[in-house]
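*Asks:* Just passing along the structure, written as structure tokens.
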Amino acid sequence: MMNQSASTPLRDDLLMKASCRLLEAAGAEPSIARCVARALLEADLLGHDTHGLALLGAYIDELRAGRMRGAGQAEVLREKAAVALWDGHRLAGPWLVEQALSWALERAKQHGAAHVVVRRSHHIAALAAYLEAPARAGFVVHLCCSDPNTASVAPFGGTSPVITPNPMAWAWPAHPDPVMIDVSASITTNGMSARLSSSAQPAQQPHAWWLDAAGMPSQDPRVLQAKPPGSILPLGGLEAGHKGFGLGLMVEAITAGLGAHGRADPPEGWGASLHLQVLDPEAFGGLQAFERQMNHLAAQCRASPSPAGKAAVRMPGERGLQRKRQQLLEGVELHPSILPGLDRCAQSLGFESFLF
């Protein structure tokens, strides 16, 4: 969600270099620092700016406190041909996702499909950040995650938070760009709620995306910080939230459930359980046939008339990839709240500022 009052565009290579410098200063190995910085920057390029460099300061704090590990390897707990369970031992989430993706791509080439479940990962940033490359390479990708240490979404019909927004992402090859879907099982996210709560503008929002502790609909994200706390509504809201609730439960099952570690265990701090699936269309009807079907479907969607005065239909990820190309040429527009926070973070590490 790009803010129209964003700051002056900045070169992506400058942001990458500055981010790596801070992550390494906080204790991350260079390879892990590059991986984390790349994922955060990719999120901003695609427009997911609550889950891009806005998270860097919090990641630095987690590294310095020892709650995020910036060195080491995941532990392989179980592995069968094209299925694996790893313990991430609280390593940086983007690093674990990239390692899991590399493993799954190789197995999918051999077996047609592969699954990796990673428990005890740290936060994995924006799921969309990992989709483009494997989809352009001809694979279908599904990634989802939960955070068993956090509760902010109430079950449909309930009033107290139990699960997290539990994002789900899919991508597949298409022409001219891959289709990329990144959605949550809740009507908004923790990151967006936090940004709206801290905004200089009035906190009350146009839509009732939250419930207070009594279960009353609220337009104020600050109910999440109340005592007792409110909650975020499931996707579908008051009328159809049973659908988002069901999707959220499914994510819990294939992440924490399959990982055998989750809400039934003692909390360990901000983190994630994740499930990555990679499918090779060549093992099914073939890549060419897959693209023929999905390109035809996309053309039908785009040909659907829009109401007068409304924008034309676009496929999921289309606007994000257009924005990415534009920002790589013209510079990255960061939300105005991000650079001041990163300057403070850099100064706490002994640097004059984030960029210099």
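The values are calculated or read from the model by the stated rules, or taken from the named source; none is laboratory data. Fair warning: this is a prediction, and the values are worked out from it, not measured in the lab. All Cβ positions, glycine included, derive from the backbone under ideal geometry; neighbour counts span all protein chains shown.
*Asks:* Residue pairs, Cβ under 7 Å, 6 or more apart or interchain, first in region 79-106 and on the phi > 0 side of the Ramachandran plot, second surrounded by fewer than 18 Cβ atoms within 10 Å (Cβ to Cβ) and among the aromatic types (Phe, Trp, Tyr). List them.
*Replies:* Hits for this filter: zero, empty list.
*Asks:* Pairs needed: first member in region 274-294, at negative phi; second member anywhere, aromatic (Phe, Trp, Tyr) and part of a strand (DSSP E or B); C-beta distance under 7 Å; at least 6 residues apart or different chains.
*Replies:* MET294/TRP172
*Asks:* Is at least one residue of region 165-184 farther than 30 Å from ASN295 by Cα and among the aromatic types (Phe, Trp, Tyr)?
*Replies:* no
*Asks:* Taking ASP44 as the residue in question, decide whether it is closer than 20 Å to THR189 by Cβ, in contact (Cβ under 8 Å) with a residue 60 or more places away in the chain and not assigned by TED's automatic domain parsing to the domain that holds ALA253.
*Replies:* So ASP44 passes the test.
*Asks:* Out of (1) among the β-branched types (Val, Ile, Thr); (2) farther than 21 Å from LEU53 by Cβ; (3) outside any strand (DSSP E or B), the odd one out for ILE181 is which?
*Replies:* Looking at each condition in turn, ILE181 falls short on (3).
*Asks:* Going by what's in this entry, would SER160 be described as among the polar types (S, T, N, Q), surrounded by fewer than 21 Cβ atoms within 10 Å (Cβ to Cβ) and in contact (Cβ under 8 Å) with a residue 12 or more places away in the chain?
*Replies:* yes
*Asks:* For region 304-330, name all the residues that are out of contact with any helix residue (DSSP H, G or I) (no Cβ under 8 Å at 6 or more places or on another chain) and within 17 Å of PRO9 (Cβ to Cβ).
*Replies:* Passing the criteria: GLN322, ARG325, GLN326, LEU329, GLU330.
*Asks:* Test of understanding: among ALA312, ALA308, which residue is without any contact (Cβ under 8 Å) to a residue 12 or more places away in the chain, farther than 18 Å from LEU55 by Cβ and in contact with a Ser or Thr (Cβ under 7 Å, 6 or more places away or on another chain)?
*Replies:* Going through ALA312, ALA308 in turn, just one is without any contact (Cβ under 8 Å) to a residue 12 or more places away in the chain, farther than 18 Å from LEU55 by Cβ and in contact with a Ser or Thr (Cβ under 7 Å, 6 or more places away or on another chain): ALA312.
*Asks:* Out of ASP220, ASP212, ASP177, ASP147, report the one residue that is assigned by TED's automatic domain parsing to the domain that holds PHE245, over 25 Å from ALA65 (Cβ atoms) and acidic (Asp, Glu).
*Replies:* ASP177
*Asks:* Follow-up question, since we're still on this one. So, in region 140-168, of the ones that are among the small types (Gly, Ala, Ser) and part of a loop (DSSP other than H, G, I, E, B), which residue ends up farthest from SER121 (Cα to Cα)?
*Replies:* So the residue we want is GLY157.
*Asks:* Given the criteria among the acidic types (Asp, Glu) and within 30 Å of ASP61 (Cα to Cα), does GLU106 qualify?
*Replies:* no
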